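Notes follow the structure.
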Amino acid sequence: LAPMLTEAFPKLNTSRVILGLRAFLRSRWFIALIALLMVCSELFSLELYVIGAYAVLGLAIVLVSEDTLPAVPMVVCGYMLMSAKNNIGFHPDSLLAQPYAQFTIGFCVAVLAVCFLGRLVSKLMERKKRGVPKFLSGFVLLGAAYLLGGLGSSFYDAASALFGVVQILALSGFYFYFYFTVDWENTPEDYLAELFTIVGVGVFLEVVGTYFNPGAPGLDGEGDRAQLYTGWGVWNCVGCVMAMCMPAPIYFAVKKKHGWIYSLVSCVFYLGVILTQSRGSILFGSAVFIACIVYNLYKAKGREKLWCGIVYAALLVGAAIAAVLFRDKLADIFASLINAGMNDSGRLDLYDQCWNSFLKHPVFGVGWYDSPGIQLGNGSMYPNGDPHLEGYFIPGFAHNTFFQLIGFGGAFALIAYLFHRTQTVLLVFRDPTPTKIVAALCVAAMFLTSFVDNHVFNMGPGLLYSVLLVFAEKERSPQPALLKRK
């Protein structure tokens, strides 16, 4: 896949400037730059500037990069650059509600879409054999289920089908795109772990930033965890992404000298999960964190195993000491979380509604827009009672993957999802390399937290999911020594 600029001017292939730019675009420093721009945008409301910068960098990738690998961090971070200050749901008159801002963002996205679509077409026209993506059949079946959800019921219409298309594209679009446009033979073996580790640092900073929102929990015992939101999601959404980043440092903990440092980074990410005050993320994130510890201690060798064990022991002791010495202060900060307790927040009623919908339409369900809490033709009534969602294209969700599937898509959707999930599990266990294990743990964080939430059906986590899948599938063993990061 020849870069556009060097294809037009072949002599540039020997230019030190071009070669240096190519190396930078594929380096950890470029990932760090993209993540830094993401954090600055979210914390300081610089969306228009950062999106413009992403557009410029995207054009540079298309013009000089030998493949689209540098676009991967942009896809992952682009979802999380919206600021709390400009969250339209909480601030209807914010910057992003203004026509000029919407035009600017739309223009930048359109330019990038055209350029990267051109790269895809160019790549597909090459005669080099690429094979068939392993998850093709699963995604086709799942896409059909998303598209046909509600078929045969009075609620099935074009809007439901359109949302199904958007759902499957968010979940699989970049999986297929990067499958065909990245030069996997020359992709560093630790790129995925490096990406999610760096992004995890950025998300952790955004989590800390949520405590500066007006009305956020504080040491005075006032405030509510509902105010721990960013521009791209509330506390539950942020908790899911933080949990998805948590396993990434473990890759380096088991493969690098002084791996205990990366074990410590994973512990910091776990703290970030707790700070989101998302009950589901804390509960299931803890399960994933324990799995990370077990894998770390099992795979680490020699003294590294001892030092990693000391880190986790210190974490346990430190947590116990903090719970005793700072009990009252911690109780103040997490007061709204403690008060929520085991309250199901209406979820059991949603599950009951989904089950009844399934009994009425067991094959294809009732579609996306007759999910629990939705009253067609009578305005949007969302299941969580959140008025910020009224009038949005996104429907209400059941806050549980199983009940959501049988409710909107019936048995067909459930079977399609289980088929796809079986494919992903088999990919990992047939050849459990460190990259695949880390990717599996990241996906597990998303999958498990969706037992009490709707992250599987949120388009943002879907982008991260597609990236994790394609890297896990294209993992090669052994890797050429020259591709290993030093």
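Things worth noting here:
- Between the range 51-87 and the range 441-457, the alpha-carbon center distance in angstrom: 25
- Cα gyration tensor shape of the range 122-269, rounded if a/c is under 1.5, else prolate or oblate by comparing a/b with b/c: oblate
- Burial order of peptide ranges 363-369, 448-454 (average beta-carbon count within 10 Å, highest first): 363-369, 448-454
- The trypsin sites (Lys or Arg not before Pro) found in the range 100-202 that occupy coil by DSSP, while having at most 10 further C-beta atoms within 10 Å, are 127, 128, 129.
- For the listed peptides 324-331, 166-173, a ranking on the average number of other beta carbons within 10 Å per residue, highest first, reads 166-173, 324-331.
- Near-label residues of the range 349-365 by backbone N, under 19 Å of a point 7 Å along Cα→Cβ of residue 411: 354-365
- The chain: DSSP helices with Cα axial extent of at least 27 Å and average Kyte-Doolittle hydropathy no lower than 1.6: 191-210
- Shape of the range 155-206, Cα gyration tensor, a/c cut at 1.5: oblate
- Heavy-atom accessible area ranking, 1.4 Å probe, most first, across 91, 455: 91, 455
- Over the chain, accessible surface divided per residue gives 45 Å², non-protein components excluded, 1.4 Å probe.
- Taking a ≥ b ≥ c as the square roots of the eigenvalues of the Cα gyration tensor, the range 63-144 is classed as prolate, since a/c reaches at least 1.5 and a/b is larger than b/c.
- For the range 258-326, the set of trypsin sites (Lys or Arg not before Pro) satisfying both a DSSP loop assignment and a count of at most 10 other C-beta atoms within 10 Å is given as 301.
- Across the range 83-168, C-alpha contacts under 8 Å between residues 6 or more apart give a mean separation that, scaled by the residue count, equals a relative contact order of 16 percent.
- Heavy-atom accessible area with a 1.4 Å probe sorts 357, 137, largest first, into 137, 357.
- The distance linking the range 100-140 with the range 269-296 is 34 Å (Cα centroid to Cα centroid, whole angstrom).
- Rounded FRET efficiency, nearest 0.05, which uses the C-beta distance separating residue 327 from residue 158 and R0 of 51 Å: 0.35
- Range in the chain, longest, excluding exposed GluC sites (Glu not before Pro) [loop by DSSP; at most 14 other beta-carbon atoms within 10 Å]: 223-389
The values are calculated or read from the model by the stated rules, or taken from the named source; none is laboratory data. All values reported here derive from a predicted model rather than from experimental measurement. Note that each Cβ is placed from the backbone with ideal geometry, even for glycine, and that neighbours are counted across all protein chains shown. Just so you know, the surface numbers come from the protein's heavy atoms only, side chains and all, with ligands and any DNA or RNA stripped out. Shrake-Rupley method; radii C 1.70, N 1.55, O 1.52, S 1.80 Å.
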